[in-house]
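Q: Here it is: the structure, laid out below.
The values are calculated or read from the model by the stated rules, or taken from the named source; none is laboratory data. Since we're looking at a predicted model, the values are computed, not measured. Here Cβ is always computed from backbone atoms with ideal geometry, including for glycine, and neighbour counts include all displayed protein chains.
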Amino acid sequence: MNKPQAFDLASEAIRLPYTHKVAAFCNTFCCEDADLDDFFTNVAPYYDSELLGKTYAWVMASNPRHIIGMVTLANDSVKLKLISSSALNRLQRGVINSKRGINFPAVLIGRLGVSSEDREHGKNIGSQIIDFIKDWFRSSENKTGCRFIVVDAYNNERTIHFYVKNGFKLLYKTEEEERNFLAIKADEPLQTRFMFFDLKRK
């Protein structure tokens, strides 16, 4: 029995800027995460029109109404004065000394979601979207300097594992370190973990 061929995002899907027009044409996106579903359905098109973030949808080439994955990107920077000294050392490894001590340009993954229907089939769509972002911001198509990809990842084992698997690192080694530096009280939940990917590293 032959194994099913791996799904290839580049050849089997089409990337579209997620505008009001595209949202009206496509079926409602569902990744079974209430926060993400609400954002992509009700907020993302307005982020685009207000220049707050750019959302892209990947639709099936064979069924352009079906969205298999979405991501919202925005300009950001890693502000060094807001980082503890131990975390700063981890971030600056690989950056030439003469360029240290500045704020580093970054692209923020504001939201990332994969259709629950397609996620169940093991197509690795989320990882392929991450790979696209990495290649895009390393290529000549990138119109601005960008050293890091950053994300405030949901603080749960599944999400953290996904980003680690895709080469991201936690800026703060422990929740306690991150909580202390952000002045989050011990009895308050740490909702997200700040993670980064250095585009100069493979």
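Q: Restricting to the range 153-168, what's the tally of residues that are closer than 16 Å to Thr192 by Cβ and touching a Phe, Trp or Tyr at 6+ places or on another chain (Cβ under 6 Å)? Show your work before the answer.
A: Filtering the range 153-168 for residues closer than 16 Å to Thr192 by Cβ gives 153-164, 168.
Next, only the ones that are touching a Phe, Trp or Tyr at 6+ places or on another chain (Cβ under 6 Å) stay: 153, 168.
Number of matching residues: 2.
Q: Same structure again: Mind listing just one residue for me: the one in the range 138-189 that is among the acidic types (Asp, Glu), assigned to a helix (DSSP H, G or I) and surrounded by fewer than 16 Cβ atoms within 10 Å (Cβ to Cβ) and, of those, nearest to the chain's Cα centre (by Cα)?
A: Restricting to residues being among the acidic types (Asp, Glu), assigned to a helix (DSSP H, G or I) and surrounded by fewer than 16 Cβ atoms within 10 Å (Cβ to Cβ), the top hit is Glu157.
Q: Need pairs with beta-carbon distance below 6 Å; first residue free of Cβ contacts under 8 Å to residues at least 60 places away in the same chain and within the range 180-202, second of a type in the set (Lys, Arg) and crowded, with 16+ Cβ neighbours inside 10 Å; sequence gap 6+ or separate chains.
A: Every condition considered, the pairs that remain are Leu190/Arg179.
Q: Next up: Give the range 80-137 a look and list any residue that's modelled with pLDDT of 85 or more, over 14 Å from the mean Cα position of the chain (by Cα), closer than 18 Å to Asn166 by Cβ and not in a helix (DSSP H, G or I), or say none.
A: Of everything in the range 80-137, those that are modelled with pLDDT of 85 or more, over 14 Å from the mean Cα position of the chain (by Cα), closer than 18 Å to Asn166 by Cβ and not in a helix (DSSP H, G or I) turn out to be Lys123, Asn124.
Q: Could you please find all residues in the range 23-59 being outside any helix (DSSP H, G or I), of a type outside the set (A, V, I, L, M, F, W, C) and free of Cβ contacts under 8 Å to residues at least 12 places away in the same chain?
A: Residue satisfying the conditions is Glu50 alone.
Q: Can you confirm whether Asn155 is farther than 25 Å from Tyr18 by Cα and of a type in the set (S, T, N, Q)?
A: Yes, satisfied.
Q: For the range 60-79, name all the residues that are part of a strand (DSSP E or B) and either more than 25 Å from Phe39 (Cβ to Cβ) or among the hydrophobic types (A, V, I, L, M, F, W, C) (or both). Before the answer, list the steps.
A: We begin by selecting, within the range 60-79, every residue part of a strand (DSSP E or B); these are 60, 63-78.
Residues satisfying the conditions are Met60, Ile67, Ile68, Met70, Val71, Leu73, Ala74, Val78.
Q: Right, next: If Ser77 meets every condition in (1) of a type in the set (Ser, Thr, Tyr); (2) more than 24 Å from Asn124 (Cβ to Cβ); (3) touching a residue at least 40 places away in the same chain (Cβ under 8 Å); (4) surrounded by 14 or more Cβ atoms within 10 Å (Cβ to Cβ) apart from one, which number is that one?
A: (3) is the only condition that Ser77 fails.
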